[in-house]
1. Just to be sure I understand, how many residues within region A:95-124 are assigned to a loop (DSSP other than H, G, I, E, B) and surrounded by 14 or more Cβ atoms within 10 Å (Cβ to Cβ)?
2. Can you list the helices (runs of 4 or more DSSP H) lying wholly within region B:10-88 that have 2 or more residues being among the small types (Gly, Ala, Ser) and assigned by TED's automatic domain parsing to the domain that holds residue B:102?
3. Return the total of residues in region A:283-329 being β-branched (Val, Ile, Thr) and in contact with a Lys or Arg (Cβ under 9 Å, 6 or more places away or on another chain).
4. Could you tell me how many of the residues in region B:101-120 are assigned to a helix (DSSP H, G or I) and either surrounded by 21 or more Cβ atoms within 10 Å (Cβ to Cβ) or at the interface with another protein chain (Cβ under 9 Å from one of its Cβ atoms) (or both)?
5. Looking at the structure I just gave you, is residue A:243 under 20 Å from residue A:324 (Cβ atoms) and either modelled with pLDDT of 95 or more or assigned by TED's automatic domain parsing to the domain that holds residue A:202 (or both)?
6. Restrict the check to region A:136-146 and report whether at least one residue is closer than 29 Å to residue A:318 by Cα and in contact (Cβ under 8 Å) with a residue 12 or more places away in the chain.
7. Report yes if residue B:98 is surrounded by 12 or more Cβ atoms within 10 Å (Cβ to Cβ), within 10 Å of another protein chain (Cβ to nearest Cβ), in contact with a helix residue (DSSP H, G or I) (Cβ under 9 Å, 6 or more places away or on another chain) and assigned to a helix (DSSP H, G or I), otherwise no.
8. Would you please list the contacts, defined by Cβ atoms under 8 Å and residues six or more apart or on different chains, that run from a residue in region A:86-104 that is in contact (Cβ under 8 Å) with a residue 24 or more places away in the chain to a residue that is part of a helix (DSSP H, G or I) and of a type in the set (D, E, K, R)?
Amino acid sequence: MQNEMLSRLSEWLAGAIGGASVKIVKLQPSQHGSTERNRSVLAEIDGTSRSFIVRKSVPTAPFGGHTAAEEFALLQVAHERGVMVPRPIAFCDDPNVLGSHFALLENIAGASSGPRVVRDVSLGGDRSTLAQRLGRELAKMHHTRPPVPRLSFLDAPTSSPAVTEIERMRSIVDRLTIHRPALEWGLRWAEINSVNSERITLVHSDFHTGNYALDARGLTAVLEWHFAGWGDPLSDLGSFCAECWRFGRNDLEAGGIGERSEFYDGYERESRAKIDDTAVRYWEVVAHLRRAVRALQMDAQHRLDREPSLAFALNSRVLAEIELAIVRATAPVTWRTVHGS
Amino acid sequence: MDPEISGVELLDIAQQALSNDIVQLLEGDPHYMALLIGRAMRMVAREYAQQERSQAARGALLALADGTDDDDRMRALCRDLRDGRHDADPQLHTALWADTAIRTSITRPSLLARTERRLAGLSEDHQSDDAG
């Protein structure tokens, strides 16, 4: 069975990249991202070893997110615009090869696990430089404005991404028939305090420590593009700085790896735009709301169709700390209605 | 003195045996799984210890809504929040803070600030044990 699959993959790969002699040496779970989606492939092509990532389509309905084909198009656009991503090589729309559609990407070196990235300072090179670099990469991504014909599958941009995002999260909560007062409190705060978006650009929508890879020298790729879309670029800065994505290093406000000022500096140099810090801090609260809603979705999915998993069960308990962070950040004095600000 | 040890004490001893005697013998996925099991055991012990405080905090929160039972009050509270009937309500904010802080004292006490530790009945120098 495995041999047949490897043979089909070899044949497809030969056609996709034009190699005369292709042999798959190894196909195994990738160390980056979901093991359900990602496989690492080691191949010998015309006598040269090359390694790739195979990123498969998986049912995404409960979580939303793009198909592998859509994500491949996003990676192509990002790559062409100079953002450091795994280089997109080819897309296979024949489900007979690996059982589902998949994207073939160039393999990337390094580690991406959030806790490891934060703790292991042998990764990423100089951390101050890294924080600036991540700001620059994000700004490069934000140079892309709608419309882009190849990204026509993205939802049309709205004039108020904050309000759209709150409506999206409320509809998920309603669909799950879940009643969480701390979450509702936070969503209402976000509605009342919603910011006006001055620019609409391509946004990653899940840009945080854990979703980029580092080797000993620095950044090797920005990963996990399946929630990217048109939105307020400052939402990505908020996500990166949000406390819930600092993995315990709350003193390092830029993703647990650097100073906020360093990250902002890299972003401002590349974008040539001054960052509205108040708006970024608004989006940090929204990032916590997103993470809470995502945890609820994962929990619901886990209960529906998986064998009991301790990791998933523990993940559902992360809600307490996220909700505490939301409540701390939204004290009555911060509500716009009361103070008319 | 009751010669039988309590369930919480038993859980604590089992967790210590796992952490001190078993985890170090394992590598790779089994090592990671053993760490997760230890974390789950510590969480259960803390949940048991915080039962009264946890119920009191949840009761104070639900007292701010009308309803025939707790589920009904929870639904009503969430609806009222969304409809703007509790905007910037300091009493509700305090109740939410207490409820989430006590729940966090069960799942990850190291995240609590000093005032929250006091609220959760933890000593200020409490060494939380939620790694792994």
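The values are calculated or read from the model by the stated rules, or taken from the named source; none is laboratory data. Quick caveat, the model's predicted, so the values are computed rather than measured. With ideal geometry, Cβ positions are generated from the backbone for all residues, glycine too; neighbour counts draw on all protein chains shown.
1. 9
2. Result: B:51-62.
3. 3
4. Final tally of qualifying residues: 11.
5. yes
6. Yes, that holds for at least one residue.
7. So residue B:98 fits the description; yes.
8. Between residues of region A:86-104 that are in contact (Cβ under 8 Å) with a residue 24 or more places away in the chain and residues that are part of a helix (DSSP H, G or I) and of a type in the set (D, E, K, R), the close pairs are A:96/A:8; A:97/A:8; A:98/A:8; A:103/A:71.
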